[in-house]
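To keep things clear, I will list the structure first and then write my remarks on it.
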Amino acid sequence: MQKYSGFGLLKHALSHHENWQRVWRNPKPKPRYDVIIVGGGGHGLATAYYLASVHGITNVAVLEKGYLGGGNTGRNTTIVRSNYLWDESAHLYEHALKLWEGLSQELNYNVMFSQRGVLNLGHTLQDMRDIQRRVSANRLNGIDSEVLDTQQVQELVPVMDCSPNARYPILGSSWQPRAGVARHDAVAWGYARAADALGVDMLQQCEVTDLLVEDGTVTGVETRQHGTIKAGKVGCVVAGNSGVLAKMAGFRLPIESHPLQALVSEPIKPVLDTVVMSNQVHGYISQSDKGDLVIGAGIDGYNGYGQRGSYPTIEHTVQAIVEMFPIFSRVRMNRQWGGIVDTCPDACPIISATPVENLFFNCGWGTGGFKATPGSGHVFAETLARGEASELAKPFSMFRFHDGALIDEHGAAGVAH
Amino acid sequence: MFYIYCPYCEEYREEEEFHPKGEAHIARPEDPDNCTDEEWGDYLFFRKNPRGVHHELWVHAAGCRKFFNVTRDTQSYRIYESYKIGEQPSVSA
Ligand SMILES: Cc1cc2nc3c(=O)[nH]c(=O)nc-3n(C[C@H](O)[C@H](O)[C@H](O)COP(=O)(O)OP(=O)(O)OC[C@H]3O[C@@H](n4cnc5c(N)ncnc54)[C@H](O)[C@@H]3O)c2cc1C
Ligand SMILES: [Zn+2]
């Protein structure tokens, strides 16, 4: 792997930047891999990277039907935080946050992780009680988390309407200073490049059309472009398409796929240097380094696989943003798009063995899995390497929906993010 | 934007008058007292979630407030039919 550095940039300037190495190879598929990862989003790529770097398993391929990072990874609003209520999820997301903190160095790729803090606003007394409870739980778990009053919120975000005259006055907020945003594409590209350097094959435009199961054990995959590819183990990390893959293997998941959309405005001068989220009016917003306002919506309530959202949802979202930020009422929106999120009944992911031997699923991250990308890949790699759930992944088995040990994160995950 | 036919009002109305309520035809277990945890889990949480033809429940929330079924393609978003509770769909995958 060609190492990136300031010096390298200067050196390549001398040859007009025409001699940069390809970021990853474009290999021919081998007939068999030890592990096949289906889905080249951030989670799949991170899994492949940690399989190679932590567990020394390098005969690995990532099969992606489109292009790397073209699913929810490249479509999300990039909020990263770990202030979840329950121990199981707090530990998982905090594990991810710690990995984020060293990720650019580890991958030698700038993922532009910016710890600008995240506010989760409270607009009612019940909101504030929930916030206090969640912040206390966070602190017991060693996660930086504070309760702010209206005055402190106003100081952090001068352009937000914090007056008592607002329709839904802001009574306070939770505040996680170590939270923030990262560049979504860079995360996919950084993991892909680092995994490729360790020998992992990135197979783009390679759609899995069937999972091959013999006597209850998975033996490989059928692909549209390259026929059969054999595998020792298969890990499915396909977000909104998890139900489709599960059906190929003959079982169902407690997951439903919904469109979730986001929009960005025209670029404007720096005006918002943190991330603001509100469950109550249902909107969340940050400003990218380019200057555009990045705004996230709620899901469409119906099941859907069309990567676009509905108009009523755009209207509700923009109403919420203008309610909080009257100053943005005349900003023009530039682009709008949708991703397909895999929502789980308890708003927690599934990182799990399945009814099929050697077949594992990592899904159900729904509206909020970007923040978990490094942690998800890390624990899923361990799960695949060991053939059983890693310590942090154990509570997230798909069989919790049979034994009832759900992890209800609807509060902390309340707003889609 | 969907334009949905309510089989009770016998009219097409805009999507915003309705709420989607998920997969249709999920029968409550016949003998709840003797269900295994697995049967309860399947009933409560596990779904078909197809990419294609889907039979789903909708409620005419801002209209007659009745529940009914819709056959809709989750990929093309084409709506094939609306039909009353207790009726069977005429379009299937
Ligand atoms: C609008 C929006 C905003 C969001 N905002 C946030 C946020 O602010 N913070 C946050 O933490 N999370 C957010 N999320 C959620 C987050 O994006 C996802 O949870 C996360 O990116 C999932 O990553 P993934 O790698 O599992 O899935 P994806 O990136 O979707 O990757 C799955 C890949 O599998 C591929 N695939 C599917 N089927 C097949 C097949 N048969 N064969 C081969 N490949 C296949 C797809 O093409 C896709 O590339 C948001 C999501 C959306 C849509
Ligand atoms: Zn009606």
Inset, instruction - Exactly one condition in (1) in contact with a helix residue (DSSP H, G or I) (Cβ under 6 Å, 6 or more places away or on another chain); (2) open to solvent by less than 20 Å² (accessible area, probe 1.4 Å); (3) not small (Gly, Ala, Ser) is not met by A:LEU119; state its number. - result: (1)
Inset, instruction - Hey, can you tell me all the residues within the range A:391-407 that are crowded, with 17+ Cβ neighbours inside 10 Å and part of a helix (DSSP H, G or I)? - result: A:PRO395, A:PHE396, A:ARG400, A:PHE401, A:HIS402
Legend entry - Qualifying residue in the range A:90-103 (condition: in a loop (DSSP other than H, G, I, E, B) and touching a residue at least 12 places away in the same chain (Cβ under 8 Å)): no
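Inspect the range B:1-20 for any residue being more than 16 Å from ligand 2 (Cβ to nearest atom) and either open to solvent by 70 Å² or more (accessible area, probe 1.4 Å) or touching an Asp or Glu at 6+ places or on another chain (Cβ under 6 Å) (or both) and give the result as yes or no. Let's see the steps before the verdict.
Taking the range B:1-20 as the starting set, the residues that turn out to be more than 16 Å from ligand 2 (Cβ to nearest atom) are B:1.
Now narrow it down to the ones that are either open to solvent by 70 Å² or more (accessible area, probe 1.4 Å) or touching an Asp or Glu at 6+ places or on another chain (Cβ under 6 Å) (or both): B:1.
Checked the range B:1-20: at least one residue is more than 16 Å from ligand 2 (Cβ to nearest atom) and either open to solvent by 70 Å² or more (accessible area, probe 1.4 Å) or touching an Asp or Glu at 6+ places or on another chain (Cβ under 6 Å) (or both).
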Legend entry - Checking B:LYS84 against (1) under 29 Å from A:ASN241 (Cβ atoms); (2) at pLDDT 95 or above, the condition it does not meet: (1)
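Yes/no matrix, rows are residues, columns are (1) of a type in the set (Val, Ile, Thr); (2) in contact with a Pro (Cβ under 9 Å, 6 or more places away or on another chain); (3) within 30 Å of A:SER265 (Cα to Cα):
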{"site": "A:ILE79", "(1), (2), (3)": "yes, no, yes"}
{"site": "A:TYR93", "(1), (2), (3)": "no, no, yes"}
{"site": "A:ALA96", "(1), (2), (3)": "no, yes, yes"}
{"site": "A:GLU101", "(1), (2), (3)": "no, no, yes"}
{"site": "A:GLN105", "(1), (2), (3)": "no, no, no"}
{"site": "A:ASN108", "(1), (2), (3)": "no, no, no"}
{"site": "A:ASN120", "(1), (2), (3)": "no, no, yes"}
{"site": "A:ALA137", "(1), (2), (3)": "no, no, no"}
{"site": "A:LEU140", "(1), (2), (3)": "no, no, no"}
Legend entry - the range B:40-56, residues that are facing chain A (nearest Cβ under 10 Å), outside any loop (DSSP other than H, G, I, E, B) and in contact with a strand residue (DSSP E or B) (Cβ under 7 Å, 6 or more places away or on another chain): B:ARG47, B:HIS54, B:GLU56
Inset, instruction - Could you run through the range A:169-196 and say how many residues are open to solvent by 10 Å² or more (accessible area, probe 1.4 Å) and either farther than 27 Å from A:ASP289 by Cβ or assigned to a strand (DSSP E or B) (or both)? - result: 4
Legend entry - Test result for A:ASN19, away from chain B (no Cβ under 14 Å), more than 9 Å from ligand 1 (Cβ to nearest atom) and at pLDDT below 95: yes
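Considering each residue of the range A:14-41, count those that are in a loop (DSSP other than H, G, I, E, B), touching a residue at least 60 places away in the same chain (Cβ under 8 Å) and under 21 Å from A:ALA194 (Cβ atoms), and give that number.
Going through the range A:14-41, the residues in a loop (DSSP other than H, G, I, E, B) turn out to be A:15-31, A:39-41.
Retained after the next criterion (residues that are touching a residue at least 60 places away in the same chain (Cβ under 8 Å)): A:23-27, A:29-31, A:39-41.
Checking which are under 21 Å from A:ALA194 (Cβ atoms) leaves us with A:23-27, A:29-30, A:39-41.
Qualifying residue count for the region: 10.
Would you check if there is a residue in the range B:65-74 being within 11 Å of chain A (Cβ to nearest Cβ) and open to solvent by 30 Å² or more (accessible area, probe 1.4 Å)? Let's see the steps before the verdict.
Pass one, the range B:65-74, residues within 11 Å of chain A (Cβ to nearest Cβ): B:70, B:72-74.
Within this subset, residues satisfying the condition of being open to solvent by 30 Å² or more (accessible area, probe 1.4 Å) are none.
No, the range B:65-74 contains no residue that is within 11 Å of chain A (Cβ to nearest Cβ) and open to solvent by 30 Å² or more (accessible area, probe 1.4 Å).
From the list A:PHE361, A:PHE380, which residue is at pLDDT 95 or above, out of contact with any Pro (no Cβ under 9 Å at 6 or more places or on another chain) and either surrounded by fewer than 22 Cβ atoms within 10 Å (Cβ to Cβ) or more than 24 Å from B:PRO50 (Cβ to Cβ) (or both)?
On the way: A:PHE361 fails: either surrounded by fewer than 22 Cβ atoms within 10 Å (Cβ to Cβ) or more than 24 Å from B:PRO50 (Cβ to Cβ) (or both).
Every option except A:PHE380 fails the conditions.
Within the range A:234-279, count every residue that is assigned to a strand (DSSP E or B), closer than 13 Å to A:ILE350 by Cβ and hydrophobic (A, V, I, L, M, F, W, C).
Pass one, the range A:234-279, residues assigned to a strand (DSSP E or B): A:234-236, A:253, A:256-267, A:275-278.
Then drop every residue that is not closer than 13 Å to A:ILE350 by Cβ, which leaves A:235-236, A:253, A:256.
The next check asks that each one be hydrophobic (A, V, I, L, M, F, W, C); those that pass are A:236, A:253.
Looking only at that region, the number is 2.
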Legend entry - Checklist (1) within 14 Å of chain B (Cβ to nearest Cβ); (2) assigned to a helix (DSSP H, G or I) applied to A:PHE361, failing item: (2)
Legend entry - Top-ranked residue in the range A:278-332 [being within 11 Å of chain B (Cβ to nearest Cβ) and either among the polar types (S, T, N, Q) or touching a Cys at 6+ places or on another chain (Cβ under 6 Å) (or both); ranked as farthest from A:GLN126 (Cα to Cα)]: A:GLN307
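The values are calculated or read from the model by the stated rules, or taken from the named source; none is laboratory data. On a predicted model such as this, the values are computed, not experimentally measured, just so you know. Reconstructed Cβ throughout: ideal geometry from the backbone, glycine too, with neighbour counts over all protein chains shown. The protein model used for the area step is the full one, side chains on, heavy atoms only, and it has no ligands, DNA or RNA in it. Shrake-Rupley method; radii C 1.70, N 1.55, O 1.52, S 1.80 Å.
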